[in-house]
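The numbers here are math on the coordinates, done by the rules we state, and not lab data. Only a predicted model underlies this, so the values are computations on that prediction, with no experimental measurement involved. Reconstructed Cβ throughout: ideal geometry from the backbone, glycine too, with neighbour counts over all protein chains shown.
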């Protein structure tokens with residue numbers, strides 16, 4: 001599988017596993033654990049989670065999924081903005097570690113920007129890194145102005161990724177944020193690469209005629225082509241979430257699809273490139 005090298009020197013797979021909406025129903029716990037374990041078996045050994053997901057429940061699912069194989073997983077979690085003070089981020093990290101049943105995170109992200117000064121959050125991240133609680137740190141839902149400000153602060157050069165909403169229907173970051181990120185060797189981690197689970201949103205993406213045509217040419221599903229479109233790019237990490245083993249298998253196969261110039265031109269027709277700067281899409 002294609003890999004992405006972070007500025008810290010660590011290498012991660014370009015295709016990982018998301019956990020948004022996991023951990024919200026105890027009846028689904030074992031199925032979610034098995035889906036993550038299958039993804040790990042298939043080489044998708046980056047797992048993204050957050051203290052927000054299922055009010056910590058997703059982290060508990062992940063903790064069970066990585067039991068006995070922690071060393072082979074690049075584990076990412078995120079801190080709420082209101083917990084991102086110097087002391088608060090350290091306390092929140094300890095709670096996440098307990099739920100994840102591990103003594104360190106591979107990467108810790110600020111989930112989105114809040115009222116706590118970025119400099120204070122970065123100081124907290126640096127203290128966690130020095131203590132061995134985290135190995136890398138980054139941000140999420142940061143637009144270009146936020147990234148430039150963060151990079152100017154002490155510790156800002158330690159930001160290894162920015163997790164943002166990015167898929168065929170939401171290409172706004174291509175105007176300026178993605179080129180800037182690539183120039184500064186800060187990979188983008190694309191969440192909701194297949195849109196949300198809301199049927200209306202997925203229909204707009206997966207029912208697009210251009211996408212369907214490309215999928216037919218490759219004997220693939222529209223979802224696989226949507227993932228392959230993201231995965232073809234340098235410095236982009238993709239984290240689809242699925243609790244369905246069949247979907248996990250299909251997601252993994254998307255990493256092996258090679259899109260042609262004609263495919264990309266057709267997808268550009270169906271999902272036009274941005275023609276101006278727009279506010280960062282978030283959910």
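Highest GNM mean-square fluctuation among 210, 219, 181, for the chain modelled with Cα contacts below 10 Å: 219. Comparing 126, 241, 87 in a Gaussian network model of the chain where C-alpha atoms under 10 Å apart are linked, the largest mean-square fluctuation is found at 87. Separation of the stretch 70-84 and the stretch 103-167, taken as the distance between their Cα centroids, equals 11 angstrom.
Test of understanding: in a Gaussian network model of the chain with alpha carbons linked when under 10 Å, which of 260, 102, 221 would top the mean-square fluctuation ranking? Comparing 260, 102, 221 in the GNM, the peak value goes to 260. The slack between residue 80 and residue 234, meaning 0.36 nm per residue of separation minus the straight C-alpha distance, is 52.6 nm. On the beta carbon distance between residue 98 and residue 41, with R0 = 35 Å, the FRET formula returns roughly 0.85.
Grab the beta carbon distance between residue 261 and residue 152, set R0 = 45 Å, and tell me the FRET efficiency rounded to 0.05. Plugging the Cβ-Cβ distance into 1/(1 + (r/R0)^6) gives 0.70. Working note: Cα atoms of the chain, range along each principal axis, descending, whole Å: 52, 43, 33.
The label point for residue 273 and the one for residue 115, both projected 7 Å from the Cα toward the Cβ, are 4.2 nm apart. Each label point was placed 7 Å from the Cα along the Cα-to-Cβ direction; for residue 31 and residue 180 their separation is 4.2 nm. In plain terms, the residue of 61, 160 with the fewest other Cβ atoms within 10 Å comes first and the most crowded comes last, giving 160, 61.
Gain on full extension, evaluated as 0.36 nm per residue between residue 282 and residue 131 minus their Cα-Cα distance, stands at 51.2 nm.
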